[in-house]
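Data first, discussion second: the structure below is written as structure tokens.
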Amino acid sequence: MSIDDRLRAAGRALKDSSVAQVDAASRLREILRHTGQPVAHGRTTTLPDRPPEPIAPSPLPQARPRRTPQRVALVVNLLLVLALGIVIGVAATYTQDANSGAPTNSGAPTNSGAPTNSGAPTASASTILATRTKVPDACVETAELADEIISRLNRNDRDNRLAAMLRDYTIASQSCRRAASP
Amino acid sequence: MGQDAGDRDELPGPTPESFEVFYLREYPKVVGLLHGLLGSRLVAEELAQETFLVAYRDWDRISRLDNPRAWVRRVAINQRGSFLRAYLRQQTRERDAAVCHEDDGIKLADEYAEVWQAVRTLPPLQAQVIALHYYEDYSVAQVAAALGRAPGTIKAQLHHGRRKLARLLGDDTNRGRST
């Protein structure tokens, strides 16, 4: 018998034995039970009835049902955060508008619950609008010096001129505070 | 060697068949193929089951391929390759010892079991070529397509594999026979 014939005979014998000895139906049932999904095409072959067997958990089929609720929960949470943000924003805007329209009520406590609506900030808001053109000269000078100092520090120009400007800034800042305080 | 209708590669017809029908027909044959290459029924069944699980999850697409049969065999053989590679990293010798256990096999007459034992001693590609050609009745072109190799490579592997097997099995009547 040639090697070719022996190989062919061995192949045929193995195939016949596999078909005869391998229990495909029970393994198919495992797949169907693991995934728990209908098959994409066609009819379901009738399989012999057997009592349900406990099957070792498979990672993928377990993960699948969990993923969807997780995604839904994530979306719901995001929507809740978004809605809460909109409500807070609308409430804050409404309260601010109401307060700026009635400056005489600045000292009264507000009921909106928004964190920015205490009595003092509403009063200062109206004051700022009224006094914007009356900034003390010392404060203007302080701001200009600060800009120049920051610019020099950014350029790393650390020389005597910078030291002098820092000194001038300190003096101007103190003057600004004095001028701005009531 | 004759082929039954389910073995033909001219499948499928116009309507994709159901997964169950495909599985019941092909699963035992894929187990047999893997058993021939590995020598362990347990491992062969697990690898085949993994392969069919992959097919099941994407059956809508796979059932419409020109040849779902060849697809499952290619995936099964690749899994088998991964298994062997992982094993060979641990042990370079006696590679089949890890997957061969007593009574862990499809029962075969000794003369056939001896042939498959010899096939398992071949290098992986040669063993795959021999198995697909003689177990699945694949032509050289079909083996080449299944393994993603050139037909010339498959012919050469088939030739060398047969020669080695003839030597191993004490048969030198057909050394170097071409396909």
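The values are calculated or read from the model by the stated rules, or taken from the named source; none is laboratory data. Please read all numbers here as calculations on a predicted model, not as lab measurements. Note that we place each Cβ from the backbone using ideal geometry, even for glycine, and neighbour counts take in every protein chain shown.
State whether the residues of the range B:143-156 include one that is buried (at least 19 other Cβ atoms within 10 Å of the Cβ), assigned to a loop (DSSP other than H, G, I, E, B) and at pLDDT 90 or above. Within the range B:143-156 (the criterion being buried (at least 19 other Cβ atoms within 10 Å of the Cβ), assigned to a loop (DSSP other than H, G, I, E, B) and at pLDDT 90 or above), the answer is no, since none of the residues qualifies. Filtered by the rule that a residue be among the hydrophobic types (A, V, I, L, M, F, W, C) and free of Cβ contacts under 8 Å to residues at least 24 places away in the same chain, the range B:21-43 gives B:VAL21, B:LEU24.
Find the residue count for the range A:19-50, including only residues that are at the interface with chain B (Cβ under 7 Å from one of its Cβ atoms) and either modelled with pLDDT under 50 or in a loop (DSSP other than H, G, I, E, B) (or both). Selection size over the range A:19-50: 8.
Test B:ALA113 against the criterion of being in a helix (DSSP H, G or I), of a type in the set (A, V, I, L, M) and crowded, with 22+ Cβ neighbours inside 10 Å, and give yes or no. Here the answer is no, as B:ALA113 does not meet what is asked.
When B:ARG61 is tested against the conditions (1) under 19 Å from the mean Cα position of the chain (by Cα); (2) modelled with pLDDT of 65 or more; (3) of a type in the set (Lys, Arg), the lone failure is (1).
Scanning the range B:13-66 for residues that are in contact with a helix residue (DSSP H, G or I) (Cβ under 8 Å, 6 or more places away or on another chain) and part of a helix (DSSP H, G or I) yields a total of 36. Looking across the range B:15-52 at every residue that is more than 9 Å from chain A (Cβ to nearest Cβ) and of a type in the set (Ser, Thr, Tyr), the one that is surrounded by the most Cβ atoms within 10 Å (Cβ to Cβ) is identified as B:THR51. For the range B:101-120, the set of residues classified as at pLDDT below 65 and either in contact with a helix residue (DSSP H, G or I) (Cβ under 8 Å, 6 or more places away or on another chain) or aliphatic (A, V, I, L, M) (or both) consists of B:HIS101 only.
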